[in-house]
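Trainee: First the structure, which I've put down as structure tokens, then a few questions once you've had a look.
We did not get these values from a lab; they are worked out from the coordinates using the rules stated. None of these values were measured; they are calculated from a predicted model. Cβ atoms come from the backbone with ideal geometry, glycine included; neighbour counts cover every protein chain shown.
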Amino acid sequence: MQRITIQSISLLLLFLCVYSCIQPSDLEPGTNVPFDYELWFNDEVQIPNHNGLDQTITFTINNVSYDNTEDVEVWFEGVPDKIDVIIEPKRIKPTGNVTVTFIDKNIKHGYYPAVLRARSTSGIEKEHSFNFKVLEKTCTKNFSGSYNGPINCIKGSNGTGFLNFTEDRTEKNQLLFWWAGYTRYAKIDCYERTMTFKEQQLGDSTFSGHATYSEDYNTVTMTYIVKHANGNTDSCTTTYTK
């Protein structure tokens, strides 16, 4: 009985010795876990940012497999044509950060869906859907200023005309100007670089029309229509320069 006890104790001590020699890393499965990663990105991207500038976002690609790693490439799909995207870097080894800048190229306000996509070297793909929230712009400064041009396209008129467009502080994206003895107003479309003269009373006649600005806003081509009380109509298309 005593001999069996001694043998049992010896075996126990041997087991403890062997177990104590095994390193913790030998028991952990970290190196055996296949590579995988997560995308951490916004659900909504506002354009412009709160300071009225291009929107810059830094997001994380997180390695969830600890020891294993691969290169991951990122890109965007579904981004509207009037939003430019700069990604830096386009390829990283997680865990790491990617910085992306969204540049507004005069896109109309509203919501636009898009997708952030990623693919690792071994082909593991991820995606994250989000929305662009594009705010309505105020652009009266671009359209404001003094312009001059010919006025001889209407019968009985000749010489040079002057128009001074100023901001209407009571109405968003609306201009005021003095024409033929009356204050006129024009509604601006920031995205198309146009303005519309809705029909307005002009003595016993009415005035309406539209205008288109050049890309640098230095010229404006206007078409306006004057309807007289006697039923006659005068129309004119002319170009004014700043």
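Trainee: What is the dipole size for the stretch 140-241, taken about its Cα centre, with +1 at each Lys and Arg Cβ and -1 at each Asp and Glu Cβ, in debye to the nearest 20?
Mentor: Here the size comes out at about 120 debye.
Trainee: Once phi is turned into ³J(HN,Hα) by the Karplus curve 6.51 cos²θ - 1.76 cosθ + 1.60 with θ = phi - 60°, what whole-Hz value does each residue of the stretch 219-228 show in order, with x for glycine and proline?
Mentor: 10, 9, 9, 10, 10, 10, 10, 10, 9, 8
Trainee: Now a separate question. Can you figure out the FRET efficiency of F59 with I124, using R₀ = 22 Å and their beta-carbon distance, to the nearest 0.05?
Mentor: Given R0 = 22 Å and the Cβ-Cβ separation, E is 0.80.
Trainee: In whole Å, what are the Cα extents of the stretch 34-134 along the three principal axes, biggest one first?
Mentor: Principal axes ranked by extent give 45, 22, 18 Å for the Cα atoms.
Trainee: On to the next question. Below 13 angstrom from the Cβ of V72, what's the summed charge of the other residues (Lys, Arg +1; Asp, Glu -1)?
Mentor: Details: positive: K90, R91, K93, R117, R119, K126; negative: D36, E38, E70, D71, E73, E125, E127.
With Lys, Arg at +1 and Asp, Glu at -1, the net is -1.
Trainee: Assuming R0 = 35 Å, what is the FRET efficiency of T138 and K90, from their Cβ-Cβ distance, to the nearest 0.05?
Mentor: E(calc), rounded to 0.05, equals 0.55.
Trainee: Now for a separate question. With each label point set 7 Å from Cα along the Cα-Cβ vector, what nm distance links Y217 and Y111?
Mentor: 3.1
Trainee: R0 = 25 Å: FRET efficiency of F76 with K172, Cβ-based, nearest 0.05? Intermediate results must be reported in sequence, preceding the final value.
Mentor: Values: r = 31 Å, r/R0 = 1.24.
For F76 and K172, the calculated efficiency is 0.20.
Trainee: Oh, and also: Please say if the stretch 77-128 is rounded, prolate or oblate, where rounded means a/c under 1.5 for a ≥ b ≥ c the square roots of the C-alpha gyration tensor eigenvalues, and otherwise the choice is prolate for a/b larger than b/c and oblate otherwise? Let's see the in-between values first.
Mentor: Working: a/c = 3.16, a/b = 1.90, b/c = 1.66.
Taking the square roots of the gyration eigenvalues as a ≥ b ≥ c, the stretch 77-128 is prolate.
Trainee: Can I ask one more? Just to confirm the filter: which trypsin sites (Lys or Arg not before Pro) across the stretch 107-199 are DSSP coil and have at most 15 other Cβ within 10 angstrom of their Cβ?
Mentor: Those satisfying the criteria are K108, K155, R169, K172.
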